[in-house]
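Please read through the structure below; I'll follow up with questions.
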Amino acid sequence: MSAFHGVTVRVEACAKTFADGTRALEPITLDVARGETLVFLGPSGCGKTTMLRIIAGLEQADAGGRVLFNGADVTGIPIEQRNVGMVFQSYALFPNMTVAENIGYGLKIRGASRMDREARVAELVALTGIEGLERRRIDQLSGGQRQRVALARAVAVRPSMLLLDEPLTALDAALRERLRWELDRLLRMLGITTIYVTHDQSEAMALGDRVVVMSKGAIAQIGTPRDIYFAPANRFVAEFIGAANLVEARAVNGTLTLPGGQLEVDDSSATGDVVAMIRPESIRVAAPDAAKLSGHVDRVSFIGDRQRLTVSGAAKRPLLIDAPNTLDVKIGERIGLMVDPRAVRVLPEERP
Ligand SMILES: Nc1ncnc2c1ncn2[C@@H]1O[C@H](COP(=O)(O)OP(=O)(O)O)[C@@H](O)[C@H]1O
Ligand SMILES: [Mg+2]
């Protein structure tokens, strides 16, 4: 299949207030590069679907908001004329048609010849791994198979952009993970500009070239998965993405003083009362006398690939620590804690 690279997207000052007065989006401005996969991530109700629907042309932004494809204003153009492919959480397939008829539907209404349609359907059936199911009806398919059909149908007409709203959310965990990898491979192969909405942070990080973390209708942070994980812009992002210890400390020239000792930060300007974020896997367990920070083990939960310790006395609140699964630690034991200064992230002050 020939790769097609889709369009650039610009969202400009798009806010949304619904008729009943609900403020779903604060003014949002962002750019999506050609071929990029941009993921909107955030808790339920933060405005992800509304954003996607504005980009699709299913919803109008408040006055003043604009959407541009390849630099051209499409704000007033309806979805049928925007050439976008969409996939939703609920499959929205035609139940009375076969798999092949569903995939070929868009081509048929665009007047493609039967031969062209059949060739394209065969190509997509192979690409999405549903060979042999062409003649089945939709109600004879599993959830994962239905989502593959929905995806094949969405890309069949070679849209210039693919919009996906929680497409894997209805599936069980193991299938979700497998389809996530397949989807990632497919999006990379197609090279199509993709906007993907999810509330699942591991899905967002696995699929996104960049991730837009949203909170209450606004952008909390936009960056690569590594940016948002290692350098969260604020407390909301730190706590929403993965597990995070938020540690209150007194800083003097990059040295943090905590109840159980001291930690260094890779920022000698850090001074005053600060909140620092430390990921559980960044804390290393050492002999109590070998480290400047120590605490007592409150709890050990063995997870399999690692064990999660809860350690009190080191910081004001108990610290979560991911230790190797072979480490021998006992409840009540005093342990030393070491952290690479680069893994201690001082968060910017937040207005109350
Ligand atoms: N048609 C509508 N009328 C009124 N409020 C709406 C409508 N659609 C969504 N909302 C509200 O807008 C907010 C954002 O919704 P949505 O974009 O669906 O969030 P998400 O997809 O992140 O869960 C929510 O408070 C939701 O209840
Ligand atoms: Mg939604």
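The values are calculated or read from the model by the stated rules, or taken from the named source; none is laboratory data. Keep in mind that what you see is a predicted model, and the values were worked out from it rather than measured. Here the Cβ positions follow ideal geometry from the backbone for every residue, glycine too, while neighbour counts run over all protein chains shown. In case anyone asks, the SASA skips ligands and DNA or RNA and just uses the protein heavy atoms, side chains included. Shrake-Rupley method; radii C 1.70, N 1.55, O 1.52, S 1.80 Å.
Could you tell me whether any residue of the range 237-258 is surrounded by fewer than 15 Cβ atoms within 10 Å (Cβ to Cβ), assigned to a loop (DSSP other than H, G, I, E, B) and touching a residue at least 12 places away in the same chain (Cβ under 8 Å)?
If we filter the range 237-258 for residues that are surrounded by fewer than 15 Cβ atoms within 10 Å (Cβ to Cβ), which is where we start, we get 239, 243, 248, 250, 252-253, 257.
Imposing the further condition that a residue be assigned to a loop (DSSP other than H, G, I, E, B) reduces the set to 243, 253.
Still in the list and also touching a residue at least 12 places away in the same chain (Cβ under 8 Å): 243, 253.
Checked against the condition, which is being surrounded by fewer than 15 Cβ atoms within 10 Å (Cβ to Cβ), assigned to a loop (DSSP other than H, G, I, E, B) and touching a residue at least 12 places away in the same chain (Cβ under 8 Å), the range 237-258 yields at least one hit.
A further question follows. Being without any contact (Cβ under 8 Å) to a residue 12 or more places away in the chain and open to solvent by less than 60 Å² (accessible area, probe 1.4 Å) is the filter here; which residues of the range 92-109 pass it? Write out each step before concluding.
We begin by selecting, within the range 92-109, every residue without any contact (Cβ under 8 Å) to a residue 12 or more places away in the chain; these are 101, 108-109.
Listed by number, the list is empty, since nothing qualifies.
Kindly indicate the residue of the range 87-106 that is closer than 30 Å to THR50 by Cβ and in contact with a helix residue (DSSP H, G or I) (Cβ under 6 Å, 6 or more places away or on another chain) and also nearest to ligand 1 (Cβ to nearest atom) among those meeting that condition.
VAL87
If ASP139 meets every condition in (1) modelled with pLDDT under 95; (2) surrounded by 15 or more Cβ atoms within 10 Å (Cβ to Cβ); (3) away from ligand 1 (no atom under 16 Å from the Cβ) apart from one, which number is that one?
Unmet for ASP139, out of (1) modelled with pLDDT under 95; (2) surrounded by 15 or more Cβ atoms within 10 Å (Cβ to Cβ); (3) away from ligand 1 (no atom under 16 Å from the Cβ): (2).
Against the condition part of a helix (DSSP H, G or I), free of Cβ contacts under 8 Å to residues at least 60 places away in the same chain, away from ligand 1 (no atom under 16 Å from the Cβ) and over 30 Å from LYS216 (Cβ atoms), how does ALA112 come out, does it pass? Working first, answer last.
Numbers: part of a helix (DSSP H, G or I): no; free of Cβ contacts under 8 Å to residues at least 60 places away in the same chain: yes; away from ligand 1 (no atom under 16 Å from the Cβ): yes; over 30 Å from LYS216 (Cβ atoms): yes.
Against the criterion (part of a helix (DSSP H, G or I), free of Cβ contacts under 8 Å to residues at least 60 places away in the same chain, away from ligand 1 (no atom under 16 Å from the Cβ) and over 30 Å from LYS216 (Cβ atoms)), ALA112 does not qualify.
Just to be sure, is GLY65 touching a Pro at 6+ places or on another chain (Cβ under 8 Å) and within 16 Å of ligand 1 (Cβ to nearest atom)? Give the steps one after another, and end with the answer.
Working: touching a Pro at 6+ places or on another chain (Cβ under 8 Å): yes; within 16 Å of ligand 1 (Cβ to nearest atom): yes.
So GLY65 passes the test.
Of the conditions (1) closer than 25 Å to GLN145 by Cα; (2) at pLDDT 95 or above; (3) open to solvent by 70 Å² or more (accessible area, probe 1.4 Å), GLN89 clears all except one; give me its number.
Failed condition: (2).
Please return the ranges of strands (runs of 3 or more DSSP E) entirely within the range 1-72 where 1 or more residues are touching a Cys at 6+ places or on another chain (Cβ under 6 Å) and either over 21 Å from THR194 (Cβ atoms) or not small (Gly, Ala, Ser) (or both). Don't jump to the end; show me each part of the working.
Working: elements: 9-17, 23-32, 37-41, 66-69.
The qualifying strands (runs of 3 or more DSSP E) are 23-32.
Hey, among THR75, THR17, THR37, THR29, which residue is among the β-branched types (Val, Ile, Thr), open to solvent by 40 Å² or more (accessible area, probe 1.4 Å) and more than 16 Å from ligand 1 (Cβ to nearest atom)? It would help to see each step written out before you state the result.
Values: THR75 fails: open to solvent by 40 Å² or more (accessible area, probe 1.4 Å); THR17 fails: more than 16 Å from ligand 1 (Cβ to nearest atom); THR37 fails: open to solvent by 40 Å² or more (accessible area, probe 1.4 Å).
Answer to the check: THR29.
Looking at the range 144-186 only, could you name the residues that are within 18 Å of ASP209 (Cβ to Cβ), surrounded by fewer than 20 Cβ atoms within 10 Å (Cβ to Cβ) and of a type in the set (A, V, I, L, M, F, W, C)?
Once the filter is applied, which keeps residues that are within 18 Å of ASP209 (Cβ to Cβ), surrounded by fewer than 20 Cβ atoms within 10 Å (Cβ to Cβ) and of a type in the set (A, V, I, L, M, F, W, C), the range 144-186 yields only TRP181.
Another one. How about the range 210-236: which of its residues are open to solvent by 30 Å² or more (accessible area, probe 1.4 Å), more than 25 Å from LYS16 (Cβ to Cβ) and in a loop (DSSP other than H, G, I, E, B)?
THR224, ALA231
Now for a different question. If we scan the range 190-202, do we find a residue that is more than 16 Å from ligand 1 (Cβ to nearest atom), open to solvent by less than 40 Å² (accessible area, probe 1.4 Å) and in a helix (DSSP H, G or I)? If you could, list the steps in order and put the result at the bottom.
At the first step, the residues of the range 190-202 found to be more than 16 Å from ligand 1 (Cβ to nearest atom) are 190-194, 202.
Of the ones still in play, those that are also open to solvent by less than 40 Å² (accessible area, probe 1.4 Å) are 190-194.
Of the ones still in play, those that are also in a helix (DSSP H, G or I) are 190.
Yes, the range 190-202 has at least one match.
Then there is this: Can you pull out the residues in the range 267-294 that are among the charged types (D, E, K, R), within 19 Å of PHE230 (Cα to Cα) and in contact with a strand residue (DSSP E or B) (Cβ under 7 Å, 6 or more places away or on another chain)?
Within the range 267-294, the subset among the charged types (D, E, K, R) is 267, 273, 279, 281, 284, 289, 292.
Then keep just the ones that are within 19 Å of PHE230 (Cα to Cα); that gives 267, 279, 281, 284.
Hits for the range 267-294 are ASP267, GLU281, ARG284.
Let me ask something else about it. Quick check: anything in the range 176-187 within 16 Å of ligand 1 (Cβ to nearest atom) and acidic (Asp, Glu)? Write out each step before concluding.
Narrowing the range 176-187 to residues within 16 Å of ligand 1 (Cβ to nearest atom): none.
Within the range 176-187, none of the residues are within 16 Å of ligand 1 (Cβ to nearest atom) and acidic (Asp, Glu).
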